[in-house]
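First up is the structure itself, then whatever we jot down about it.
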Amino acid sequence: MEKIVVLDGYTENPGDLSWDELGQLGDLTVYDRTPADKIIERIGNAAYVYTNKTPITKQTIHACPHLKFIGVLATGYNVIDVQAAKEKNIIVSNIPTYGTQAVSQYVFALLLEICHHVAHHCTAVYEGRWTSNPDWCFWDYPLIELAGKTLGVIGFGRIGQSTAKIAQALGMNVIAYDEYKSDEGRKLASYVPLETLYKQSDVISLHVPLFPSTEGMINRHSIEKMKNNVIIINTSRGPLVKEDDMAEALNSGKVYYYAADVVSSEPILKTNPLLKAKNCIITPHIAWAPKESRQRLMNIAVDNLKHFLKGTPVNIVNS
């Protein structure tokens, strides 16, 4: 049996899933993590390799001549030199659709925390503040009702549309910006120019991929076009936002809250300006990670290799 190597399997499967189905397709070795100086050694003479965030460079591809297939345990594939893989006739497959429900749900976990500060008020109760309160209730932050507010979704693909459905269930108006409009999208929102979305939205949720055209799209100039006290949610990619500009907008009060599950460099650097900004929620890139969505990811990852072995590869990103 040919060798299969998983370079960094821990975040996908910290122990609550099984690699057994993948192991039926070859001689499988799974590493929790792989440092940069061990990548070539661990791939060795493997024909099939899976990676999540461990980079596979042109140098690595040339040093591992037995490689036939690279599977990405994620949607994004910028950690792989896909052109070098193509030149060596190596198929690169990703996982395009596994996290739609999980990520759109997480958008509202962040947004509802901003609206109600549930964790803070629960802590206050356990600290005895309700017991000693002179009134029958109290709150430490303005509480926000979402019904009637406008959600602007930037990037109206699968996750953006799923987010829109939840917003509608909460009584929100939904507008969307996307370069590619669809009939399905029109059923869920009104497509508007980006400038209009900035101007009209009470809440903005980012769902675009990271391309040169979208990197830094949320910056001082775009924020100036937004409503005062706008809320911005980012569960997509950290570099979509100029973090220095966002910190400035938070501290000035132009942006009421920024909630991000992603930042420009991950794990987050101690020097990230958002760590010292007011009204900022940052979580450690976990929107994708419910067990159910990770199981879907695992299923698709296995299916990608099965299709490759049959000669009918799917989810190819370097064709």
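Key figures
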quantity: Region 100-282 - Rg over Rh from alpha carbon coordinates, Kirkwood radius; calculated: 0.99
quantity: MRE, 222 nm, helices only [DSSP H, n ≥ 4, -39500 (n - 2.57), over the chain, to nearest 500]; calculated: -9500 deg cm²/dmol
quantity: Candidates THR271, THR54, THR29: whichever shows maximal mean-square fluctuation once the chain is modelled as a Gaussian network with Cα springs under 10 Å; calculated: THR271
quantity: Of the GluC sites (Glu not before Pro) in region 149-241, those whose Cβ has at most 11 other Cβ within 10 Å and which sit in DSSP loop; calculated: GLU179
quantity: At most 11 other Cβ within 10 Å, DSSP loop - trypsin sites (Lys or Arg not before Pro), region 221-315; calculated: LYS270
quantity: Förster radius 51 Å - calculated FRET efficiency between TYR126 and THR196, Cβ distance, rounded to 0.05; calculated: 0.70
quantity: Cleavage-rule hits (trypsin sites (Lys or Arg not before Pro)) in region 154-221: DSSP loop, at most 16 neighbouring Cβ within 10 angstrom; calculated: LYS181
quantity: Size of charge dipole - region 100-282 - debye, nearest 20, with Cβ of Lys, Arg +1 and Asp, Glu -1, no other charges; calculated: 200 debye
quantity: Lysines with Cα under 17 Å of LYS225, excluding same-chain neighbours fewer than 8 positions away; calculated: LYS199, LYS242, LYS254
quantity: Two-site label geometry, GLU266 and LYS88: point separation in nm, points 7 Å out along Cα→Cβ; calculated: 2.6 nm
quantity: Charge dipole (debye, nearest 20) of the chain; +1 at Cβ of Lys and Arg, -1 at Cβ of Asp and Glu; calculated: 480 debye
quantity: 3J(HN,Hα) from dihedral phi, region 72-81, Karplus parametrisation 6.51/-1.76/1.60, rounded to Hz, x for glycine, proline; calculated: 9, 8, 5, 8, x, 10, 6, 7, 10, 7
quantity: Gain upon complete extension [ASN279, TYR10; 0.36 nm per residue less C-alpha separation]; calculated: 93.7 nm
quantity: Residue with peak Gaussian network fluctuation, the chain [Cα springs, cutoff 10 Å], from ALA169, ALA84, ALA259; calculated: ALA169
quantity: Farthest positive-ward along region 20-80 dipole, Cα basis, beta-carbon charges - from VAL72, GLY44, PRO55; calculated: PRO55
quantity: Candidate lysines for bridging to LYS310, where Cα separation is under 21 Å - those fewer than 8 sequence places away on the same chain excluded; calculated: LYS3, LYS68, LYS86, LYS88
quantity: Proximal aspartates and glutamates to LYS278, defined as alpha-carbon separation beneath 12 angstrom and excluding residues fewer than eight positions away on the same chain; calculated: GLU248
quantity: Calculated on alpha-carbon atoms, Rg and Dmax of region 10-162 in Å; calculated: 23.5, 74
quantity: Amide H contacts under 5 Å for VAL6, placed H, 5+ residues apart; calculated: THR29, VAL30, TYR31, TYR50
quantity: Inter-part distance where region 125-139 and region 13-55 are each reduced to a Cα centre, Å; calculated: 52 Å
quantity: Rg and Dmax of region 205-301, Cα atoms only, in Å; calculated: 14.3, 46
quantity: For TYR191, residues with placed amide H under 5 Å, excluding near neighbours; calculated: ALA176
quantity: Gaussian network model of the chain, Cα within-10 Å springs - most flexible of LEU240, LEU25, LEU297; calculated: LEU25
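Quick note: the coordinates plus some simple rules give every number you see, no bench work behind them. Just so it is clear, the structure is predicted and the values come from calculations on it, not from any experiment. Using ideal geometry, Cβ is built from the backbone for each residue, glycine included, and neighbour counts are taken over all protein chains shown.
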